[in-house]
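Dumping the structure here so I can ask a few things about it.
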Ligand SMILES: Nc1ncnc2c1ncn2[C@@H]1O[C@H](COP(=O)(O)OP(=O)(O)OP(=O)(O)O)[C@@H](O)[C@H]1O
Ligand SMILES: [Mg+2]
């Protein structure tokens, strides 16, 4: 059995002012090292809410989130921020790259948040290696405005990977890409999942993309089914 990365136990979520509407209801979910699955469901069904809970960006209204064996109930915001920067890579629909920084500099940003910063040359080597692997070897010094949408999203993927996370959370990462670039990005995420045994949770409304992960869970009326 692989080691558990994050686990939800009886998790429900509702938002302030809408207490009568449970976005998530009694969810049990275990994400293990090297595992991958997609979460699908209609707009507003709670996919991003679920991802935010797995990524410790939000806390449940009810139930427990256990990350790396640590129960987050009562964890300080500082502890959760440290955990996020060390263990989790986020990829969103829009990449949020810093416009004034080069591709390489953007990739290095998450390393600045680490309490124990790794050796500078080691980080630089990893950043350059990953960028090359994504076909961005010639564009490391380019700013986001000089890159195509697909290239920017690949920079965002490298940025999510730079700290060697145990979990990648991707929320509609191909939403802003054409089909060709979307396929390439999916290939890449699957490769990384297989090679670095990083767990991958992908939210998408594209059933074909979802199907590529081999395991598709549907979020419906607050509950997660196969
Ligand atoms: N911060 C918030 N405050 C209040 N309500 C929220 C908040 N975030 C989400 N919601 C509500 O919770 C429900 C689920 O939202 P969520 O963003 O998780 O859906 P989603 O499945 O990701 O949708 P989409 O596919 O459109 O991204 C929606 O009805 C939304 O309006
Ligand atoms: Mg969403």
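Rule-based calculations on the coordinates, nothing more; no lab input. These numbers were taken from a predicted model, which means no experiment stands behind them. All Cβ positions, even for glycine, are placed from backbone atoms using ideal geometry, and neighbour counts span all protein chains on display.
Round to the nearest 0.05 the FRET efficiency obtained for residue 100 and residue 180 when R0 = 22 Å and r is the Cβ-Cβ distance.
0.15
At q = 0.19, 0.23, 0.25 Å⁻¹, what log₁₀ I(q)/I(0) does the range 85-130 have when each alpha carbon counts as one equal point scatterer in the Debye sum?
After summing over all Cα pairs, the log10 values are -0.68, -0.97, -1.11.
Report the gain in length on full extension from residue 75 to residue 12: 0.36 nm times residue separation, minus Cα-Cα distance, nm rounded to one decimal.
This chain segment gains 20.8 nm when fully extended.
Another one. Considering only C-alpha atoms, what is the centroid distance from the range 1-73 to the range 201-221, in Å?
Cα centroid to Cα centroid, the span is 16 Å.
Still on this model: Based on DSSP H runs of at least 4 residues, each adding -39500 (n - 2.57), what is the mean residue ellipticity at 222 nm of the chain after dividing by all its residues, to the nearest 500 deg cm²/dmol?
After summing the helix terms and dividing by the residues of the chain, the value is -10000 deg cm²/dmol.
Next question, about the same structure. I'd like the Kirkwood hydrodynamic radius of the range 55-149, using the inverse of the mean 1/r over distinct C-alpha pairs, in Å.
Hydrodynamic radius (Kirkwood, Cα pairs) of the range 55-149 is 15.5 Å.
Quick one: of the DSSP bridges fully inside the chain, what percent are antiparallel, nearest 5?
50
I've got another one for you. For the chain, what does the convex hull of the Cα positions come to per residue, in cubic angstrom?
It is 132 Å³ per residue.
Any chance you could tell me what percent of the C-alpha pair distances in the range 1-107 go past 21 Å?
Of all Cα-Cα distances in the range 1-107, 43 percent exceed 21 Å.
Can I ask one more? Plugging the Kirkwood radius over Cα pairs into Stokes-Einstein for the range 31-89, at a temperature of 37 °C and a viscosity of 0.692 mPa s, what D comes out in µm²/s?
259
Still on this structure: Taking the chain as the reference, fit the longest principal axis to its C-alpha atoms, fit the long axis of helix 77-87 to the helix C-alpha atoms, and give the angle between the two in degrees, 0 to 90, nearest 10.
On a 0 to 90 degree scale, this one is about 60.
Next question, about the same structure. Using the beta-carbon distance between residue 113 and residue 138 and R0 = 22 Å, what value does 1/(1 + (r/R0)^6) give for FRET efficiency, to the nearest 0.05?
So the FRET efficiency works out to roughly 0.20.
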